[in-house]
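Asker: Submitted below is the structure of interest, expressed as structure tokens.
The values are calculated or read from the model by the stated rules, or taken from the named source; none is laboratory data. Model, not experiment: these values are computed from the prediction. Using ideal geometry, Cβ is built from the backbone for each residue, glycine included, and neighbour counts are taken over all protein chains shown. Surface areas here come from the heavy atoms of the whole protein model, side chains and all, with no ligands, DNA or RNA. Shrake-Rupley method; radii C 1.70, N 1.55, O 1.52, S 1.80 Å.
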Amino acid sequence: MSAPSRSVVLIEDDEVLGDALVQRLTLEGVATHWARSLREGEALLRRHRPNLIVSDIRLPDGSGEALLMRLMPELGGTPIIVITAHGDVAQAVRLLRAGADDYVEKPFSAQLLLDKLAALSDWAPPAPPPTGEAGWRSPAMQRLRRHLLKLGQVDSTLLLAGESGAGKEVAARHLHEASRRADKPFVAVNCAAIPEDLLESQVFGHERGAFTGALTRQVGLAEQAGQGTLFLDEVAELGAAPQAKLLRLLQERCFTRLGGRETLPLGARLVAASNADLRARVEDGRFREDLFFRLAVVELTVPPLRERPEDLGELAAHFLTHFARSFDRSEPQLSAEGFDALLTHPWPGNVRELRNRIERAMVLAEGPRLEPADLFPERRAMPEAPLSLAAARDAAERAHIRRALARSGNRLGDAAQLLAISRTTLWERMKRLGLKS
């Protein structure tokens, strides 16, 4: 392993020991990320995949053993060394049986960690997910991915439902890349952004002289898609005339350029998306029922971000890396408090809002770490009216349960264990507080 590629996440609350280890490791060219609490350690490990994890068992805000046990399935085989005091050896042995690699008793030297790193010369952390691949960790998104992979083997028309910003175009691109059309074009059309009188020309193209200003022939988006995928976003915003033309396109699988006579085949697969309830629009007469059934041969929903907190850490890390590269600056750390603020936010704007908040925070933040005030400046600028004591207690309990659910992968039994209550008690509290299981 070359020296620049070596990295360590150290979770240790002892300032003297931690400072000494960081200094020595840094002098040896090892990138060292130091967390002084369980919360900071979890936030670090959700963003960084180091060559080595070194964690104390006893931390001021919880058990290092519980943290490592919880995260081991997500760490991809990253080697772990446990720091113990003399009385913690039994805990260290339990961790070794669960998958940790070694333990050291205090006091120990930094050279010991360097020797361990040298012994791990063949291990390299897995590459971060490529663009578009972050945010698929949660059970709901894993299920969506499985459905998209199955659909990639056939050419059925797909309707993607979901809130604005949830990632419908990301899902459509994932389907395209999983299909036999992956090497063909993916063409996206925002139906809400094109004026109705220009939509036909944009989608189907036009011949020279078809209307005033048509000085040359224009190839439409349906033709540009070729044998690839034509993605129609915000399809609910189509007016009556475009709906009729889209229905004909789906029925006959062919079209004619505006002002032309030649009939052209539609070779592309069609995927539509909408953040509106199309069934409700059919009922009130604003959307054609026959077109709806043509579009919804298969219907899938992209879940909102608030229902998949397991994806927050990976998505935040992806955007931090993306904007650090775009701005040509070092990647900032996301503080434990900042990560907790992300977990408790309801995300009405979904993944698009997360992206925007991280971009703004990286532009305007004054320190090397992103804090809650950097991510949610409106909370600082517009103080809310004081809550009643009962409302404040419920809000705090609701936020704490959300954090426990996120850290346990939405598994009620594991979350109840973290909260030191029974599963039944947790379920009853969630029901009282209006939290979905």
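Asker: Name the pairs whose Cβ atoms lie under 9 Å apart, with the first residue in segment 241-254 and outside any helix (DSSP H, G or I), the second open to solvent by less than 80 Å² (accessible area, probe 1.4 Å), and 6 or more positions between them or separate chains?
Answerer: Going by the 9 Å Cβ cut-off, the qualifying pairs are R253/L266; R253/G267; C254/L264; C254/L266.
Asker: Follow-up question, since we're still on this one. For the subset of segment 175-200 comprising residues that are in a strand (DSSP E or B) and open to solvent by 30 Å² or more (accessible area, probe 1.4 Å), which member is modelled with the lowest pLDDT?
Answerer: Out of the qualifying residues, it is N190.
Asker: If only one of V9, V22 is within 21 Å of P368 (Cα to Cα), touching a Gly at 6+ places or on another chain (Cβ under 9 Å) and at pLDDT 85 or above, which one is it?
Answerer: The unique qualifying residue is V9.
Asker: Please enumerate the residues belonging to segment 397-425 that are open to solvent by 40 Å² or more (accessible area, probe 1.4 Å) and of a type in the set (G, A, S).
Answerer: Residues satisfying the conditions are A420, S422.
Asker: Kindly list the number of the only condition in (1) open to solvent by 30 Å² or more (accessible area, probe 1.4 Å); (2) part of a helix (DSSP H, G or I) that fails for L44.
Answerer: For L44, the exception is condition (1).
Asker: For segment 296-386, give me every one of the helices (runs of 4 or more DSSP H) that falls completely inside it and has 1 or more residues that are in contact (Cβ under 8 Å) with a residue 60 or more places away in the chain.
Answerer: Correct list: 312-327, 336-344, 350-364.
Asker: Still on this model: Taking segment 5-23 as the search range and keeping residues that are farther than 13 Å from L38 by Cα and β-branched (V, I, T), which one is most open to solvent (accessible area, probe 1.4 Å)?
Answerer: Selected residue: V16.
Asker: In addition: State all residues of segment 280-295 that are in contact (Cβ under 8 Å) with a residue 40 or more places away in the chain, charged (D, E, K, R), under 12 Å from Q243 (Cα atoms) and part of a helix (DSSP H, G or I); if no residue qualifies, say none.
Answerer: Matches in segment 280-295: D290, R294.
Asker: Would you be able to say whether some residue in segment 201-221 is closer than 30 Å to R143 by Cα, over 26 Å from the mean Cα position of the chain (by Cα), open to solvent by 10 Å² or more (accessible area, probe 1.4 Å) and not acidic (D, E)?
Answerer: Within segment 201-221 (the criterion being closer than 30 Å to R143 by Cα, over 26 Å from the mean Cα position of the chain (by Cα), open to solvent by 10 Å² or more (accessible area, probe 1.4 Å) and not acidic (D, E)), the answer is no, since none of the residues qualifies.
Asker: Something else about it: Within segment 141-156, count every residue that is in contact (Cβ under 8 Å) with a residue 12 or more places away in the chain and surrounded by fewer than 17 Cβ atoms within 10 Å (Cβ to Cβ).
Answerer: Residues that pass the stated criteria total 6.
Asker: Would you mind finding the one in A373, A361 that is modelled with pLDDT of 90 or more, open to solvent by 10 Å² or more (accessible area, probe 1.4 Å) and of a type outside the set (K, R)?
Answerer: A373
Asker: Turning to a different aspect of this structure: If I ask for residues that are over 27 Å from R411 (Cα atoms), among the small types (G, A, S) and modelled with pLDDT of 80 or more, which ones from segment 122-163 would you list?
Answerer: G152, S156
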